[in-house]
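Down below is the structure, laid out as structure tokens.
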Amino acid sequence: CGFVGKDLYFSVPYRPHGWPAEYVLSTEYTIIAIAVFGTSIAVLTDGQPYICTGASPSSLNLVKYQVPAPCQSADGGVPVVGGVIFPGVDGLMLMSTIGVDNISKKHLSRDEWRAIDATTIRAAKDENVYVAFYGEKGSAEVYDGFMFEPADILNGFTLLTSWRVHNIQPDDIGGGAVITHPVVANP
């Protein structure tokens, strides 16, 4: 599947070159990111999130959650067991088949979250930990970030300051996160 604007596209099963018009589903809001978890697709928009379920593209069901939870970063949505974690306006949100919940509110106040530039978050999952870096790209590529472990109620949120990071992405083979560092000619 893929998306452009407010439209979600699906290919013919086992034929990735065929994208029939009858398989297109539309949302009310602009799609920011999509993420697959289990047998569902989280459709993260700039308004309310949607969940897409079904056995084949010809019989998919797209349902809008009645919770305003705009996704703040296309690179911040990360599939986890049972759902997708993504950066929202007021914190990290967990979208599952039963709804959307702010899972970082026990660790961060609204003001603390808003001090983080959520629109620039790039994240990946490492084991059961959501690892994210944020900030505008600069020549030094030094960023702040955080690690969030939802299962750790007391100490689940850890700030990371002044990391030299080039990129973060999931390791699809090993299951962790790959953090690449910039090449430094004269360290």
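The values are calculated or read from the model by the stated rules, or taken from the named source; none is laboratory data. These numbers come from a predicted model, not from an experiment. Using ideal geometry, Cβ is built from the backbone for each residue, glycine included, and neighbour counts are taken over all protein chains shown. Protein only, heavy atoms only, side chains kept; ligands, DNA and RNA dropped before computing areas. Shrake-Rupley method; radii C 1.70, N 1.55, O 1.52, S 1.80 Å.
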Please compute the length gained on full extension between Asp7 and Asp117, using 0.36 nm multiplied by the number of residues separating them and subtracting their Cα-Cα distance. 36.9 nm
For the range 1-117, which whole percent of the accessible surface, found with a 1.4 angstrom probe, sits on carbon and sulfur atoms? 54
Using a Förster distance of 25 Å, how high is the FRET efficiency between Thr39 and Val89, based on the Cβ-Cβ distance and rounded to 0.05? 0.30
What distance in nm lies between label points placed 7 Å from Cα along the C-beta direction at Arg110 and Trp19? 3.9
Amide H proximity to Leu160 below 5 Å, modelled H, separation 5+ or other chain, gives Gly145, Phe146, Met147
Could you give the dipole magnitude of the range 1-133 about its Cα centre, charging the beta-carbon of Lys and Arg +1 and that of Asp and Glu -1, in debye to the nearest 20? 140
Evaluate 2.2 N^0.38 Å with N set to the residue count of the range 9-116, then give the Cα radius of gyration divided by it. 1.13
Within straight-line cross-link reach of Lys125, aspartates and glutamates at Cα separation under 16 Å, skipping those fewer than 8 residues along the same chain: Asp75, Glu149, Asp152, Asp171, Asp172
